[in-house]
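The values are calculated or read from the model by the stated rules, or taken from the named source; none is laboratory data. Only a predicted model underlies this, so the values are computations on that prediction, with no experimental measurement involved. Glycine gets a Cβ as well: all are built from the backbone with ideal geometry, and neighbour counts include every protein chain shown.
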């Protein structure tokens, strides 16, 4: 079996002319024994709730993974050998969930294990099923801090259902790893982090078998199998040789190697089925939710409204909340008070926060991960990969923009909209009041992909009546008339500044409509286009964000090909580095307060 | 002294009405002893090359830091008490280098120690001076993976000149930390990572004194002082009490506490001066550089050109190169061949990669940190904070966009331009050929702030002659005529597609100019505006990036208020999730190849 996995890994990558055969060969024995003796998986029913999970954190070993898929019979030899890494194929260079047996996209190292922690949390605390998450890791990725966030959380939450299998093949892309074959050092580290370390020879089939059995045996401690392996094992001329990372074997060398390995074979493995058998993961029932409501004019921070909304959403059993040690600021802790069993404290580890959400989403849950908006930047690569994985996760970031006041720029999200908009398949929402926030939290629980909600620290008046709808992709227009001379476009806190400015403009006879862009992606293009035709494309766009990539860019991207009149846009954004101060001082200093909006509108009126 | 630091921490935060006094009080004894007995710093000459470095990784303890500044006499009592956290003040909520004694902005946890690793690398390997980097860390931030990247690298590089002082006060923002006062667990972890662990009572002045002396004594191993402390120590009614994180004491409580502590005092500390004395850090000499040159038409990847350019730049002694274990792909390793002593392998730890660059920049070096473009997303929060710190660091990201081909979406930077443009003070460059790359690498070494260069995997023809200038903020216009009907705007790989499209269009009688936007931030607005007036704002903008926040947004933001004719823009970008394939297949499938550009231009011509 291991030999076949080696042969197939060589065949598909040589045929493709690229890929990582040597990184596959080092782990072939590990995976052969896992597949034949330990993984419990019904390959015909990948959605089975009791299936184990197999995650290749070292996603570049995709030749090995796909060779395993051939060995269990879910892909055939033709697909493996002729489509790997080809245009339009599902056997991509790094695995993605385009394949039904792949949970998450990997290829950005140090993410598979953190994702598995989310799977493990679901298994231990929510599903209460005995499936196991097996994660093949590289030794190179042990340098990623996110791996240590994962070991820490796996041990903190006693995730005996998570096993990391570290393929310690000593060689990274450009040379030796930091610790090379110093398995004792790895063992000390993972044990210090609370996991069980099992050191083995990764090419000793009996030792692998015993370690895998052992790994599953402790229900309360995650295990880490530290397997000393040889890169390119099985191809003597390349074994343990630097310079062969990420290179396919030339055809002649491949033929020689395959022949020496005994040639192409067609061994099929019958993987053990999970026990007990169980139905597929089913969507959770959608329960009636008693949403909170707020009275017009009340002063309510949207972060508080989020807290009230997420607490209401606790009646939906699929909703899970994750906190980055700021739950009392984001108000995520309102959920904890109602449903402590579905609330996970991830402490100050934002990468693991997002990865756990991803893993929980793999298990069919609807995770809401929450921290200060600015600290999602710490997990940007994880958010990006969640977008590629196509998982449904909600991210709620509070304390956005200069509005936060005295804490200063390190705590101010001023680039989050740019970053989150650029994530594949993302949705970006930014409500201005409590009513909108509650409605959008409801939308988030039913919207696919990475859905980001930006909330505000300070309290602002409720402007929308109970029951108002806020569909994703919509906007709200205030004070519209057919004679409007200018439109003031805001979102979140700047919407209030726009409304104030419109009042001032009205007092001096200037008709300004106000657009609340609570949905920044997708954007209500039609309404913006129609507005431009009314106002002669006179728009004041105001955002509590740096000028690049945010609300202004979202609007301008939407209008670029819309055939609107020549733009006369004033774009007010935070263009210099803010410091400390009150919200009012900082909004004004950034040039995004009502008086600046009035002045900008008047300047546009002269054009 | 410790008492005064406590009193002052309370005074300034109570006066401000916000801040983190309780987190300051726990560390007051640690910092008092450090200041009085161990820190070597000439406060009148913060630019002195031999000064120690003091970094508050727990930046929220700014009341303590500023109280230390008062104690050494560099700020006065009035500034401390009346300006802390006020609008326009330099005593911001979290420290930033607006203060001459602050090296880096902190406040995003888990960054100060990684930054200090960069300082330590400079001290040990470049400056070869015996200054020490003292880093005050919180226990909460020990959950950040970046801390473990830092411990790992500090030990790998034998940085005995770095000491982490961990203020283990047991309480985070919303409750107990994961490990609370389990100092033995912390010790096992840091020792497993190769550092020396020194467990002390953080309120025992003699023990602190001994530990600090001990920490400095081992030249080859970083030390971690694990200090068991009590949050709010010195204010009995708040000591070790949850619910007081980030809250100023109410006035009356503050008065009571200050009185109990003995009232306001005016003790001045004479900090030891560094020895040996030395001159200020001076700018490195700018040496003549023998830049590589490329012949027109040669096929050269811009990543290869970067390698050649950075190798040439090695003659400048202030240039340092950092690799994220892909130096043979980014071609950063060309520098290693010339100047191995100024080349640091950071392995697969991108957060530490960027933080080390930040620390080296603090020491006056010009670091170039390089990895795959997509993996800078892993360090986005570090890049953001580098922007706030105002350090000069160069980031070079290779393998951008779908152009990379078979590796698939996990390896494709498709959101990097959006993210990097949104960093405060950043510069974003994207050369199309080898000549431009070399010129821009030269610019980067003399440009302030976070400067990002995006390079391409594949080889494309050299289109610019040797000696062509590429100023930051410029662009290049090809095939311009006063009768141009449309402009094709590209950057990097899409520039070649635009040139190909312009040829095709010319063959059918359509006059198209091509704009090479090699400088995406800042952008050459004037040229774009002038072009719009020629082409009636008919632009085809083409980018190997998702549609949000990238090249299109950069152009549109620049044109929004420029008074150009009504836009007729076709924006071609990567709008669905790519898979594997060849560059040619993927560029075409994404709709950003020459034939799509031609079609878009013709459609615009009909408008």
* Asked: How many of the residues making up region A:503-512 are closer than 16 Å to residue A:534 by Cα and crowded, with 21+ Cβ neighbours inside 10 Å?
  -> 1
* **In region A:236-278, the residues that are in contact with a helix residue (DSSP H, G or I) (Cβ under 7 Å, 6 or more places away or on another chain) and free of Cβ contacts under 8 Å to residues at least 12 places away in the same chain** => none
* Asked: Residues in region B:188-200: is at least one over 28 Å from the mean Cα position of the chain (by Cα) and farther than 30 Å from residue B:344 by Cα?
  -> yes
* Structure fact -> Scanning region B:73-89 for residues that are farther than 17 Å from residue B:24 by Cβ and at the interface with chain A (Cβ under 8 Å from one of its Cβ atoms), the one surrounded by the fewest Cβ atoms within 10 Å (Cβ to Cβ) turns out to be B:88
* Structure fact -> Checked against (1) out of contact with any strand residue (DSSP E or B) (no Cβ under 8 Å at 6 or more places or on another chain); (2) within 12 Å of another protein chain (Cβ to nearest Cβ), residue B:174 satisfies every condition except (1)
* Do we find that residue A:529 is buried (at least 24 other Cβ atoms within 10 Å of the Cβ) and more than 7 Å from every other protein chain (Cβ to nearest Cβ) in this structure? -> no
* To do: Output the residues belonging to region A:386-398 that are touching a helix residue (DSSP H, G or I) at 6+ places or on another chain (Cβ under 6 Å) and either within 12 Å of chain B (Cβ to nearest Cβ) or not in a strand (DSSP E or B) (or both).
  => A:386, A:388, A:391, A:392
* To do: Would you mind finding the one in B:382, B:372 that is under 24 Å from residue B:124 (Cβ atoms) and within 18 Å of the chain's Cα centre (by Cα)?
  => B:382
* Asked: Among the residues of region A:368-375, is any crowded, with 24+ Cβ neighbours inside 10 Å, away from every other protein chain (no Cβ under 13 Å) and in contact with a helix residue (DSSP H, G or I) (Cβ under 8 Å, 6 or more places away or on another chain)?
  -> yes
* Is there any pair with a first residue in region B:100-119 that is facing another protein chain (nearest Cβ under 7 Å) and modelled with pLDDT of 95 or more and a second that is part of a loop (DSSP other than H, G, I, E, B) and surrounded by fewer than 24 Cβ atoms within 10 Å (Cβ to Cβ) whose Cβ atoms are under 7 Å apart and which are 6 or more apart or on different chains, and what are they? -> B:105/B:97
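Is it the case, given these coordinates, that residue B:578 is over 19 Å from residue B:495 (Cβ atoms) and more than 8 Å from chain A (Cβ to nearest Cβ)?
On the way: over 19 Å from residue B:495 (Cβ atoms): yes; more than 8 Å from chain A (Cβ to nearest Cβ): yes.
Taking the combined requirement at face value, the residue satisfies it.
The rows are residues; the columns are (1) part of a loop (DSSP other than H, G, I, E, B); (2) within 21 Å of residue B:203 (Cβ to Cβ).
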residue: B:30; (1), (2): no, yes
residue: B:55; (1), (2): no, no
residue: B:67; (1), (2): no, yes
residue: B:73; (1), (2): yes, no
* Working only within region A:151-161, note down all residues that are facing chain B (nearest Cβ under 7 Å) and surrounded by fewer than 22 Cβ atoms within 10 Å (Cβ to Cβ). => A:156
* What do you reckon, is residue A:167 touching a strand residue (DSSP E or B) at 6+ places or on another chain (Cβ under 9 Å) and at pLDDT 95 or above? -> yes
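Identify, from the list A:561, A:588, the residue that is surrounded by fewer than 24 Cβ atoms within 10 Å (Cβ to Cβ), facing chain B (nearest Cβ under 8 Å) and free of Cβ contacts under 8 Å to residues at least 24 places away in the same chain.
On the way: A:588 fails: facing chain B (nearest Cβ under 8 Å).
Just one listed residue meets the conditions, A:561.
Could we say that residue B:240 is modelled with pLDDT of 95 or more and at positive phi here? Break it down into steps so the answer makes sense when it comes.
On the way: modelled with pLDDT of 95 or more: yes; at positive phi: yes.
Yes: the conditions hold for residue B:240.
Out of B:63, B:95, which single residue is crowded, with 24+ Cβ neighbours inside 10 Å, assigned to a helix (DSSP H, G or I) and within 28 Å of the chain's Cα centre (by Cα)?
Numbers: B:95 fails: assigned to a helix (DSSP H, G or I).
Of B:63, B:95, the one residue that is crowded, with 24+ Cβ neighbours inside 10 Å, assigned to a helix (DSSP H, G or I) and within 28 Å of the chain's Cα centre (by Cα) is B:63.
Would you mind finding the one in A:556, A:539, A:572, A:517 that is under 29 Å from residue A:451 (Cβ atoms), under 27 Å from the mean Cα position of the chain (by Cα) and within 12 Å of chain B (Cβ to nearest Cβ)?
Numbers: A:539 fails: under 27 Å from the mean Cα position of the chain (by Cα); A:572 fails: under 27 Å from the mean Cα position of the chain (by Cα); A:517 fails: within 12 Å of chain B (Cβ to nearest Cβ).
Every option except A:556 fails the conditions.
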* Might you let me know whether region A:270-289 holds any residue that is modelled with pLDDT of 95 or more, more than 13 Å from chain B (Cβ to nearest Cβ) and surrounded by 13 or more Cβ atoms within 10 Å (Cβ to Cβ)? => no
* Go through (1) more than 31 Å from the chain's Cα centre (by Cα); (2) at the interface with another protein chain (Cβ under 9 Å from one of its Cβ atoms); (3) surrounded by 24 or more Cβ atoms within 10 Å (Cβ to Cβ) one by one and return the number of the condition residue A:545 breaks. => (1)
* Asked: Looking only at helices (runs of 4 or more DSSP H) that fall completely inside region A:309-362, which ones have 3 or more residues that are away from chain B (no Cβ under 13 Å) and under 30 Å from residue A:109 (Cβ atoms)?
  -> A:350-362
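Among the listed residues A:134, A:148, identify the single one that is within 11 Å of chain B (Cβ to nearest Cβ) and buried (at least 19 other Cβ atoms within 10 Å of the Cβ). Let's see the steps before the verdict.
Working: A:134 fails: within 11 Å of chain B (Cβ to nearest Cβ).
Selected residue: A:148, the only one of A:134, A:148 that is within 11 Å of chain B (Cβ to nearest Cβ) and buried (at least 19 other Cβ atoms within 10 Å of the Cβ).
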